[in-house]
Every structure is written in structure tokens, then in C-alpha cells.
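The structure under discussion appears below in the form of C-alpha cells.
The values are calculated or read from the model by the stated rules, or taken from the named source; none is laboratory data. What you are looking at is a predicted structure, and each value in this text was computed from that prediction instead of being measured. Cβ: placed from backbone, ideal geometry, glycine included. Neighbour counts: every protein chain shown.
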Amino acid sequence: MTDSVSPGDPLVLVVEDDENLRITLADNLEDEGYRVRAVDGGRAALEAVEHERPDVVVLDIMLPDVDGYAVCRSLRQRGLTAKVLMLTARTLEDDVVQGFDAGADDYLAKPYRLRELLARVRALLRRGTPRADTSAPALPGLAIDRDARTVTVAGSGEVGAGGRAIDLTRTEFDLLVFLVDNPGKALSRDTILEKVWGSDVVVDPRTVDNFVSNLKRKLGWTAGCGYTIKAVRGVGYRLELDAGQGS
């Protein structure tokens, strides 16, 4: 660690099984002023976060023991709020979506340019979790706890009284909150990406379509549930509430 790094500097956890890449990346991150913990596998990463919570995790997907998708899901299940930058040679759209669905915040293909990776780490550290207007309407039949980041749906009786919990990823939850906070507005894919993923993250706009589809499926959307997330051709999406459900 360089002399310029102090205990209060951001901590970056590097998870990379290639020793040369791991050492090079760790050295460059330290030169940028970050504290760095570098490990060579998924199990070591999960053990590391039990002792110290990183601010950013640079996570390779192809690991020898536990793959990066499983590691990322486990980190989110443990309540880790660190930004996760996934590194992989797998760049098919399904692979990218799987990474975001697991809870990743950004995705960088190998071989990557070191300056770009460092820029993405800086961008992730600048990002904050979207905060919602608590006065905005909720969705019929759903209870959204923005502080606990949970969503429950009523099976019968009052919402939230023994309601069924809906397992949403971090990004799905942020997408839901953004839609709820902007009922009736036609939101472009670019606007959704900027507000939910962040302006510094490069993501294919069509990724929004996959997340909206997953969100509707998980929420159990039907034609009579009191709201709809409607596709707006050539633009993006609009959340519509049935008459009498709010403005």
C-alpha cells in the first residue's frame, strides 16, 4: 500500500483468479489512492467481506470455485451495498443481463483498458442510491418499504400484514421506485438508465426492456391489478394507475 493511502480512503475488493491481472490491478488501484484487498476466488471474497466492508468490488465472473454471479447474489443477500463492477470475456446480452440481475452495478468486458476500468471505479464511487419521494403514490396491492428496500404483496387482507415478500434485485427495486415516483410520465430508456443505473454506466438501452419484463413477472402483474407498466413506442415506458388509484 502506498504511503498516501489512509484508513479513511475507499476500499476496493479485487476478485480475480489470474495472478498477474490481480497484482497489476491492485497496484494501479493503490496508486490511485484506494485501499485494496485482493483475493483469488469467490469463497475468499465472501470471507473477506465478513471482516471489512468494501466500497467497490471488482469481480471477475469466471472464478475457479464460485462464479461471479453467485458471489454477487450472495453479497446482495448479505446486505452488502458496495458497488459491483463485473469483469468478463462473456459479452452476450444474456450474460450482461444475468450480471445486472445478480446485483451488479456495472459490467466491463475483457480485455479491458486499465484507464477505463479506473474511470468506472471512480464513477461508481460517485454514484448514490436513488432516494425516492415518500409522498409519491404506491402501487395497488403492494407495500414498498424504501428504507428496508423491500416489497410485499397482499395475499388477502391488508397489505403488509402477512403479505408475500417479492424478491427483487437491487436494480429492479430502484427501477420500481423510479416508476412509482413518476406515474403517468413517458420515461425514455435513456432517462431510466441515467436515473437507475447512473449516467456514468454504459448499458445497452434495451437492457431496460429485460428489467421491466422481469419486474412485471415478479410483481405478478395482471390486467386487473390496478396499474400497468406500458411500453411507449419509440420512447420507453409509462406507469399508469387505474382511475381512483392516484394521480
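Some observations on this one:
- Scanning the range 97-121 for residues being surrounded by fewer than 14 Cβ atoms within 10 Å (Cβ to Cβ) and either in contact (Cβ under 8 Å) with a residue 24 or more places away in the chain or in a helix (DSSP H, G or I) (or both) gives a total of 4.
- Some residue of the range 180-191 being among the hydroxyl-bearing types (Ser, Thr, Tyr) and either in the same structural domain as residue 108 (by TED's automatic domain parsing) or modelled with pLDDT of 80 or more (or both): yes
- Top-ranked residue of the range 77-89 - restricted to ones that are more than 12 Å from the chain's Cα centre (by Cα) and under 21 Å from residue 119 (Cα atoms), ranked as surrounded by the fewest Cβ atoms within 10 Å (Cβ to Cβ): 89
- Here residue 94 qualifies as exposed (fewer than 15 other Cβ atoms within 10 Å of the Cβ), in the same structural domain as residue 46 (by TED's automatic domain parsing) and part of a helix (DSSP H, G or I).
- Every residue from the range 216-247 that is out of contact with any strand residue (DSSP E or B) (no Cβ under 7 Å at 6 or more places or on another chain) and modelled with pLDDT of 85 or more: 217, 233, 234
- For residue 79, the stated conditions hold: it is closer than 23 Å to residue 167 by Cα and either in a loop (DSSP other than H, G, I, E, B) or at pLDDT 95 or above (or both).
- For the range 59-76, a tally of residues being surrounded by fewer than 22 Cβ atoms within 10 Å (Cβ to Cβ) and either in contact with a His (Cβ under 8 Å, 6 or more places away or on another chain) or not in a loop (DSSP other than H, G, I, E, B) (or both) returns 5.
- Index of the failed condition, residue 200 passing every other in (1) over 22 Å from residue 124 (Cα atoms); (2) at pLDDT below 75; (3) not basic (Lys, Arg): (1)
- Any hit, the range 33-49, residues being at pLDDT 90 or above, surrounded by fewer than 18 Cβ atoms within 10 Å (Cβ to Cβ), acidic (Asp, Glu) and not in a helix (DSSP H, G or I): no
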